[in-house]
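Encoded as structure tokens, the structure appears first; notes follow it.
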Amino acid sequence: MDEFLNYLSFQKRSSKHTVTAYRKDLEQFQTFLKENQQHDILNTATYKQARSFVAHLMEQKQTAKSVNRKLSALKSYYKYQLKSGCILVNPVQKLKGPKTPKRLPEFVDEKAMQRLLQPECFANTFEGLRDKVVLDVLYQTGMRRSELIQLQESDVDIHGTQFKVLGKRNKERIIPFHLNLKRNLESYLQVKREEGLTNSCLFVTKRNEPFQAHTVYQLVKKYLSQVTSLKKKSPHVLRHTFATHLLNDGSNINAVKELLGHANLTATQIYTHNTIEKLKQHYKQAHPRSGE
């Protein structure tokens, strides 16, 4: 297992979050084998045992998305073991997970985002200015929470109005930003220096410590609660919002793909469904025969 996880980290360049999740999934399967099959050796597991594991997860009322993620970890693990010559048969190669219901990405409408980013929504303090810039960066760039946390001051090209972002598998991309964000960033960096905060990370706490994942989540949830009734109020919702607003306003889907850092177009195409729904709404409201 350790060899496989090292392979993910150093060759596939998977994120720490992915490696941690895969470890937990594999250990869970290992525990299942020990408790139900009287052995805990992953490389001797059979198709039948793996199928029983999936059935066990479903009986525990785990979501289809969660089960499929665990199955994905197993498939990746056994594919690696097969390629390494440690096993002769992949026990999960033909194993299928439950169907995942398709859900459209949730996003905040444009008027709500405009209200959210008004100056009066934020305290006239270092934290207030920082929070406004964090929200604006997430909305204007669509970057992931992990990418935001990793941003260094040196990754910000103020004069060129662009960020250098390190995405999944250490893939670097450039994301432009608007002049209004440039002004806010300049103000934030000046106040940061005045506060004596010398940490090289772009976003820090008042104690000069880098942001943690839960800090960003709580920050976003706090402010989104003021303008939307969406059930989910996470940094990823702002990523969805970024992509949806660009496509609704006519942006090229391939350009949006590059800005989001998606490996393929399939991941980006889900946002076009929101655009189609908006077109349907316009049609129903405007066409004289739409109600017949």
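The values are calculated or read from the model by the stated rules, or taken from the named source; none is laboratory data. All of these numbers come straight from a predicted model, not from anything done at the bench. A quick note on method: Cβ atoms are made from the backbone with ideal geometry, for glycine too, and the neighbour counts reach across all protein chains shown.
Of the listed requirements (1) more than 30 Å from V204 (Cβ to Cβ); (2) not in a helix (DSSP H, G or I), F107 misses just one: (1). Just so you know, in region 147-193 the residues that are in a helix (DSSP H, G or I) and acidic (D, E) include one that is nearest to L260 (Cα to Cα), and it is E147.
In region 165-174, which residues are over 16 Å from Y139 (Cα atoms) and in contact with a strand residue (DSSP E or B) (Cβ under 7 Å, 6 or more places away or on another chain)?
The initial filter retains those residues of region 165-174 that are over 16 Å from Y139 (Cα atoms), namely 166-173.
Matches in region 165-174: L166, G167, E172, R173.
Among residues of region 141-156 that are farther than 15 Å from R239 by Cα, those with a beta-carbon under 9 Å from a residue that is basic (K, R) and in a helix (DSSP H, G or I) at least six positions away or on a different chain give the pairs E153/K192.
Checked across region 72-80, the condition of being surrounded by 13 or more Cβ atoms within 10 Å (Cβ to Cβ) and assigned to a loop (DSSP other than H, G, I, E, B) holds for no residue. For the condition of a type in the set (S, T, Y), assigned to a helix (DSSP H, G or I) and either at pLDDT 75 or above or closer than 27 Å to R169 by Cβ (or both), T244 qualifies. On the stretch given as region 222-241, residues that are in contact (Cβ under 8 Å) with a residue 12 or more places away in the chain and part of a loop (DSSP other than H, G, I, E, B) total 8.
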